[in-house]
Amino acid sequence: MSGGPLLRAQYLESLGIDRYVRRQSGAPAAAAPAPVAPTPTILTAPLATAPSSGDSDPRWEPLAAEVRACTKCGLHAGRTQTVFGVGNRHAELLVVGEAPGAEEDRQGEPFVGRAGQLLNSMLRAMRAPRETVYIANVLKCRPPGNRDPAPEEVRCCLPYLQRQIELIAPRLMLAVGRIAAQNLLATDTPIGKLRGAVHRFGTQGTPLIVTYHPAYLLRSPGQKRQSWVDLRFVQRELAQLRASARSAKG
Ligand code: URA
């Protein structure tokens with residue numbers, strides 16, 4: 001898996017998160033520059049990296065074809081293409097955003113614009129690089145002008161995501177942003193109150209954690225430190241879920 005402490009420190013730096021080394025006792029303040037401290041110890045194994053290519057589950061292609069041809073809501077009229085989702089179909093972690101933006105609509109892949117670059121840094125910082133996770137959105141088509149998804153659009157589109165979740169069977173979901181979180185959890189609770197807890201999604205009760213949307217973090221970089229708190233929470237939770245699964249196997 002990519003990353004050592006130095007690489008990880010660079011990712012954290014790209015998130016704008018400073019880290020400090022504890023000063024040697026007695027050392028003068030001036031002699032204590034703030035290079036990178038060792039990564040805080042979080043007991044996490046890097047995520048599984050099974051590639052999605054070669055996946056022979058026959059249920060994926062009919063689902064993808066159905067999404068490509070979808071005309072259930074008005075958004076189909078304005079799309080360049082649908083944005084199905086990307087990544088490891090055996091991922092432990094499923095990241096769910098809101099809806100494709102202009103760049104995603106053009107490329108047919110979620111989170112490929114500026115917010116996507118930051119999401120990639122966030123994922124690397126938590127030792128779950130993009131290719132190890134699965135990434136999808138609540139909506140498969142771009143709302144015009146990037147407006148919020150309408151309830152009817154979510155109602156039409158969410159069953160596709162639900163079927164993806166059944167196929168992936170992730171250990172944990174990470175909802176990025178208010179829109180994803182509120183729609184997945186069917187609540188209007190503010191995002192600040194949804195963070196810091198493990199929620200449950202769907203009939204399988206998949207554990208779900210909420211964090212800020214990378215586009216919001218680009219606008220409000222002061223919140224990046226809070227998002228790092230969430231990402232460490234994800235790491236700890238995944239480690240625990242893995243351990244429980246191991247002990248359940250016996
Ligand atoms: N924002 C999202 O929520 N999803 C994307 O795919 C891109 C930007």
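A short reminder: the numbers here are calculations on the coordinates, not readings from a lab. Since the model is a prediction, treat every value here as computed from it, not as a measurement. All Cβ positions, even for glycine, are placed from backbone atoms using ideal geometry, and neighbour counts span all protein chains on display.
The alpha-carbon atoms of region 133-188 define a convex hull whose volume equals 91 cubic angstrom per residue. Per-residue Cβ neighbour counts within 10 Å put T187, T206, T71 in the sequence T71, T187, T206, beginning with the fewest. Summarised as an ellipsoid, region 94-250 has semi-axes of 23, 19, 15 Å, derived from the eigenvalues of the Cα gyration tensor scaled by 5 and square-rooted, with the largest first.
Viscosity 0.890 mPa s, temperature 25 °C: what is the translational diffusion coefficient of region 169-237 from Stokes-Einstein with a Kirkwood Rh over Cα pairs, rounded to a whole number of µm²/s? For these conditions, the coefficient is 202 µm²/s.
Think of region 82-201 as a dipole: +1 on every Lys or Arg Cβ, -1 on every Asp or Glu Cβ, centred on the Cα centre; then among C141, G177, A128, A128 lies furthest on the positive end.
Distant-in-sequence amide contacts of A128, defined by a placed amide H-H separation under 5 Å and a gap of 5 or more residues or a different chain, comprise nothing. Counting other Cβ atoms within 10 Å as a rough exposure proxy, the listed residues C73, C157 run C73, C157 from fewest neighbours to most. Taking the centroid of alpha carbons for each part, region 138-194 and region 197-250 are 15 Å apart.
Going by neighbour counts of Cβ atoms within 10 Å, the residues H213, H76 line up, fewest first, as H76, H213.
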